[in-house]
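Read through the structure below, which is laid out as structure tokens, and then see the notes.
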Amino acid sequence: MIVRLRKTVASFSLAFVGALAGCGGGGYTEIPIETPIAPKMDITPFQRVYVAGFLAGASDDVDANMETVRLLRSQLRTKNVLRVVDADTVPLAERALQDAPPAQNGDTPPAAGAPGEAPIQDGQLPAATDERSLEPYTKVFSDTEYWKQIGEEHQQPLIVTGSVVFLPHARSGFVQREQEVYDSFGRRQVVPVRTYMERKGYILRPTFVFIDGRTGEQLYSETFREEILYNANQQTPALSSYFELMDRLLPTFLNTLSAQKIRGTRVLLK
């Protein structure tokens, strides 16, 4: 978000400068500016933040739960928003299986896994098969007694939890790319070319849930979705893709708790 706004401000400034030059302006000065964005939550009642863990489908490639916990704790320490509680994560998957709604009309209950999926073992959720695979288990975030107890164990912090779906993804279609061509005089040109390509990559769909550790009540939640695609013959490790996608979301996540700044320039006439 911040990068896109910087580009927008920069493009506007260049266009404005070009207009001044075309009008014979007497000169200009570019002044750097910073525009603050207010946080989405009031965290003044809290002194600590506890990243408690996330619901994540079982995966052999990336442990989305632990990777997200480590990444968010690191970012919160760096930004010094609140004191980060350094404690083990909660057994969220086990609790979610207990709180999952019962099966209806003879359907297989969520805790047993959908037909064709590997059975759940050791309190683990089944592997996510689509972006909404974890929704049957999200009732756990409304379990106020559970979260109030967790808060009492960690001196009533702001609790950060939620779910993270990280899935392989493939898509085929036409892609526009630039190609160099030379005319009959040997002059080089770059022209757009549409090419049909098969690409594969990953989808990241995290939901961040913020809970009051004093009462167990949910204060705020927000869901994001990002995807990345590569050429079919490009081998990119799943963990690298996960961090690349999370990097896009971190500024918005941090803006939930603390003010962020958009940097740009303003053009003044001399």
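Rule-based calculations on the coordinates, nothing more; no lab input. Remember, predicted model here, so these are calculated numbers, not experimental data. Because the Cβ atoms are built from the backbone with ideal geometry, glycine has one as well, and the counts that use them run over all protein chains shown.
Structural remarks
- Take the Cα of Asp247, step 7 Å toward its Cβ, do the same at Val181, and the gap between the two points is 3.4 nm.
- For Leu219, Leu229, Leu257, order by how many other beta-carbon atoms lie within 10 Å, fewest first: Leu219, Leu229, Leu257
- This ranking places Ser184, Ser133, Ser142 by how few other beta-carbon atoms lie within 10 Å of each, fewest first, which gives Ser184, Ser142, Ser133.
- Annotation for Asn231 and Val190: the two label points, set 7 Å from Cα along the Cα-Cβ direction, are 1.7 nm apart.
- Legend: ranking of residues Arg73, Arg205 from fewest to most surrounding C-beta atoms inside 10 Å; resulting order Arg73, Arg205.
- You can think of it this way: the chain between Tyr28 and Ser142 has 35.4 nm of extra reach, that is 0.36 nm per residue less the Cα-Cα gap.
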